[in-house]
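All of the numbers you see were taken from the coordinates with simple rules; none came from a lab. Given the structure is predicted, the values throughout are model-derived calculations rather than measurements. Here the Cβ positions follow ideal geometry from the backbone for every residue, glycine too, while neighbour counts run over all protein chains shown.
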Amino acid sequence: MHKTITMKSKFAAAVAGASLLLIAGSAFAVTVPGFAGKPELGSDAACLNVNGAAMLNQCGRQIIYKIPLVVNAGSKTVTVRTNNPGGGTFSCQLIVSSPFATTTPVFPNVGIQTFSLGINVPSNANLQIFCQVNPGGQVIDVNYNQ
């Protein structure tokens, strides 16, 4: 009887261990609210507002807004949801710190838009999303794989 319990316990432990290895090897999706970033110019913070989870530009002019993304090395797909009210320029792009790399900017249409950007991140590099946000524009949220 004792041997049967021990064998079952060892089998259960082996299955649990294998499951953890499979889970640990996969990348988890992360959603970051738009308000998780900051403006490129610190003085612009005074005219940014939070609208739900979104960052809302109430500066009366275009600003540059950046959100750092915590990632491991590898190929990344970043999905951004924005609200472009029209007027002025609204664009977003990914920037890797070292070695420097960037994606082609995406210019979302007027209204709420979701779009994806892809980039390869080397080890020991940082990844940020930079958005030029027109007056009244919003960065709602960012979803990416770690």
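Descriptive notes on the structure:
- Protection proxy ranking, highest mean first, for peptides 74-81, 132-139: 132-139, 74-81, where packing is the per-residue count of other beta-carbon atoms within 10 Å, averaged.
- Theoretical FRET efficiency, 1/(1+(r/R0)^6), r = Cβ-Cβ of residue 114 and residue 46, R0 41 Å, to 0.05: 0.90
- Segments 93-99, 64-70 sorted - mean Cβ within 10 Å per residue, highest first: 64-70, 93-99
- Estimated D of the range 27-145 in µm² per second, where Rh is the Kirkwood radius over Cα pairs and Stokes-Einstein applies at 4 °C, 1.567 mPa s: 91
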